[in-house]
Amino acid sequence: MFKKVLIANRGEIAIRIHRACREMGIQTVAIHSEADENALHVKMANESVCIGPAQADKSYLNIPRIMAAAELTDAEAIHPGYGFLSENAKFASIVEELGFTFIGPEARHIEIMGDKVQALDYVRELGIPTIPGSDGEVKNPEHAVEIGKKIGFPVIVKAAAGGGGRGMKVAHSESALRTAFTVASTEAKAAFGDGRVFIEKFLQNPRHIEIQVLCDKHGNVATLGERDCSLQRRHQKVIEESPSPAITQKQRDELCEVVRNACAKMNYLGAGTFEFLYEDGHFYFIEMNTRVQVEHPITEMVTGVDIVREQIRVAAGEKLNISKMAPKLRGHSIECRITAENSETFLPSPGHVTDYHPPSGPGVRVDSCLYTDYHVSPYYDPMIAKVITHGATRDEAIAKMQRALEETVIEGIDTTVPLHRKLIATNAFKTGEYTIHTLEKFLEEGRL
Ligand code: ADP
């Protein structure tokens with residue numbers, strides 16, 4: 001096992017990785033920007049290295065500086081967390097070429113899945129169903145219209161290099177599609193340096209359901225059930241739960257089997273997530289994330305598997321520590337992502353946290369980088385805490401979440417705690433009858 005791991009990230013996920021390392025007796029190295037000098041991930045780590053100014057491209061995305069920090073501190077492996085360099089195939093290759101272990105999949109898998117056009121082709125070959133669409137890149141507005149007519153409107157234009165809910169445009173008519181094509185490809189070029197787009201049928205009432213996998217170098221593949229991440233704003237997840245209130249054990253087993261077979265054929269390594277849209281009894285693959293996900297804790301709560309620990313173990317060549325490759329889900333878990341944004345306007349609210357009191361008690365877990373006097377930086381992702389609950393039943397997990405959110409105190413900045421309190425109390429959430437459009441609809445109607 002590694003003696004020392006460098007954590008190439010910040011915020012709650014850097015802390016989460018540090019915790020797994022410490023429980024395994026591994027020393028940790030934190031990297032940080034000048035803005036994060038007093039961050040909790042830096043205070044907790046055994047060693048830390050300042051790698052540059054606040055702007056992410058000069059620090060958390062600065063590969064030479066990160067590699068220098070790893071050399072200087074004699075780290076053996078690098079955990080990239082999520083975001084930043086976690087899905088950068090070049091980074092994964094450099095880490096390995098310089099003699100360190102990348103805690104994640106092989107660079108070739110990161111590369112394939114990072115290009116959605118390539119990823120869809122690749123998984124279709126593996127027998128995974130995808131949404132009817134262009135089956136590849138769409139070259140020009142005329143080509144887009146031809147496909148729109150074939151599959152029927154509405155359609156969604158997506159960036160091949162898209163991520164984080166960005167680079168998607170919905171079109172309900174031929175003329176709207178011409179515009180959507182041009183806008184989407186121009187925006188994709190500006191945001192991702194790659195203007196390639198493709199088209200899918202826009203599903204009207206789907207749920208977002210994803211399967212967590214863990215694979216080792218010995219050919220073992222574990223599927224850890226699903227997460228339902230349908231409550232979204234601007235295609236970004238806001239609340240997640242596991243198991244999904246919308247699928248049966250039979251559907252779960254079948255989908256997990258499809259995914260397990262695909263992973264085995266791919267020779268995948270480490271943690272990964274296969275994301276699907278689910279509508280009218282059918283699952284359609286949308287993308288694979290080749291890293292740990294923000295919402296991994298709910299899977300940990302219902303399976304008892306420490307996903308980050310397993311990531312580290314399999315990267316070190318050990319066998320998966322999961323007795324059954326598809327463990328039975330135990331109880332129910334919910335996660336609320338708390339961001340430093342105004343609950344009504346969603347305007348960012350960086351600044352000084354004057355008081356922080358996290359919820360606790362039975363069945364409550366909080367993964368957060370906050371402390372009283374912490375300064376929320378405007379430079380990074382606004383997510384500051386994840387409140388996670390676990391109950392024997394879904395109702396119990398909801399009751400615990402209501403209680404946990406009542407207890408949560410974050411003063412000095414605006415947060416989305418009030419939004420979560422209201423959302424959890426809606427009938428749609430209580431009954432589990434919601435789709436990817438529910439939250440946006442509630443916000444439009446002023447119901448939250
Ligand atoms: P990203 O990589 O930016 O997260 P995804 O492809 O994972 O993009 O999609 C994010 C979200 O966008 C999905 O969870 C869903 O809400 C919405 N979405 C994506 N494709 C479709 C589609 N074909 N129809 C309807 N909604 C979609």
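Grab the beta carbon distance between Asn342 and Ile63, set R0 = 45 Å, and tell me the FRET efficiency rounded to 0.05.
Computed FRET efficiency for Asn342 and Ile63 comes out at 0.80.
Sorted largest first, the principal axis extents computed over the alpha-carbon atoms of segment 113-270 equal 48, 32, 29 Å.
Quick check: at a probe of 1.4 Å, how many percent of the accessible area of segment 207-444 sits on carbon and sulfur atoms? Spell out each step's value before the answer.
Values: 4250 of 8950 Å².
Looking at segment 207-444 in its full context, I get 47 percent from C and S.
Each residue was assigned an accessible area with a 1.4 Å probe, and for Phe100 the value is about 20 Å².
Which whole-number percent is the relative contact order of the chain (Cα, under 8 Å, 6+ apart)? Before the final figure, lay out the partial values.
Values: 999 pairs, mean separation 62.0, N = 448.
Relative contact order, the chain: 14 percent.
When peptides 291-301, 274-284 are ranked by their average number of other Cβ atoms within 10 Å per residue, the highest-first order is 291-301, 274-284. Applying D = kT/(6 pi eta Rh) to segment 4-103, where Rh is the Kirkwood radius over alpha-carbon pairs, T corresponds to 4 °C and eta to 1.567 mPa s, the Stokes-Einstein value obtained is 100 µm²/s. Cα-Cα pairs above 30 Å in the chain: how many percent? Of all Cα-Cα pairs in the chain, 44 percent lie more than 30 Å apart.
Shape annotation for segment 142-199: C-alpha extents along the principal axes are 29, 19, 14 Å, from largest to smallest.
For the chain, a simple Cβ point-charge model (Lys and Arg +1, Asp and Glu -1, everything else neutral) yields a dipole of about 560 debye relative to the Cα centre. Comparing Gly165, Ile151, Ala188 along the charge dipole axis of segment 132-201, the residue lying farthest to the positive side is Gly165, per the Cβ-charge model. For the options Leu85, Leu224, Leu72, a Gaussian network treatment of the chain with springs between C-alpha atoms closer than 10 Å singles out Leu72 as fluctuating the most. Amide H to amide H, with H built 1.01 Å from N, Gln27 comes under 5 Å of Lys4, Val5, counting only residues 5 or more places away or on other chains.
Taking the accessible area of segment 132-201, probe 1.4 Å, and keeping the other protein chains in place, the carbon and sulfur fraction comes to 53%. Distance distribution P(r), segment 208-256, all Cα-Cα pairs, bin width 5 angstrom from 0: 5, 20, 25, 19, 15, 11, 5, 1 percent.
Quick one: net charge around Lys169, please, counting Lys, Arg +1 and Asp, Glu -1 for every other residue with C-beta under 9 Å from its C-beta. Before the final figure, lay out the partial values.
Details: positive: Lys158; negative: Glu187.
Surrounding charge for Lys169 is 0.
Can you put Glu12, Glu47 in order of accessible area, largest first, using a 1.4 Å probe? Before the final figure, lay out each step's value.
Working: Glu12 10, Glu47 60 Å².
Sorted descending by solvent-accessible area, the residues read Glu47, Glu12.
Taking every DSSP helix (H) stretch of at least 4 residues in the chain, weighting each as -39,500 (n - 2.57) and dividing the sum by the residue count yields a mean residue ellipticity at 222 nm of -10500 deg cm²/dmol. For segment 207-444, the equivalent ellipsoid built from the Cα gyration tensor has semi-axes of 30, 21, 17 Å, listed from largest to smallest.
Send over a whole-number figure in Å² for the accessible area per residue of segment 1-114, probe 1.4 Å.
Numbers: 4470 Å² over 114 residues.
Accessible surface, normalised per residue, equals 39 Å².
Listed by chain and number, the aspartates and glutamates whose C-alpha is less than 14 Å from the C-alpha of Lys169, apart from same-chain residues fewer than 8 away, are Glu187, Glu200. Using a cutoff of 8 angstrom between alpha carbon atoms and counting only pairs six or more residues apart, the relative contact order for segment 291-440 works out to 26 percent.
Summing +1 for each Lys or Arg and -1 for each Asp or Glu among the other residues whose beta-carbon sits under 14 angstrom from that of Ile199 gives +3.
The values are calculated or read from the model by the stated rules, or taken from the named source; none is laboratory data. Keep in mind the model is a prediction, meaning the values are calculated, not measured. Every residue, glycine as well, gets a Cβ built from its backbone with ideal geometry; the counts of neighbours run over all protein chains shown. Note: accessible area is taken over every heavy atom of the protein model, side chains too, but ligands, DNA and RNA are not part of it. Shrake-Rupley method; radii C 1.70, N 1.55, O 1.52, S 1.80 Å.
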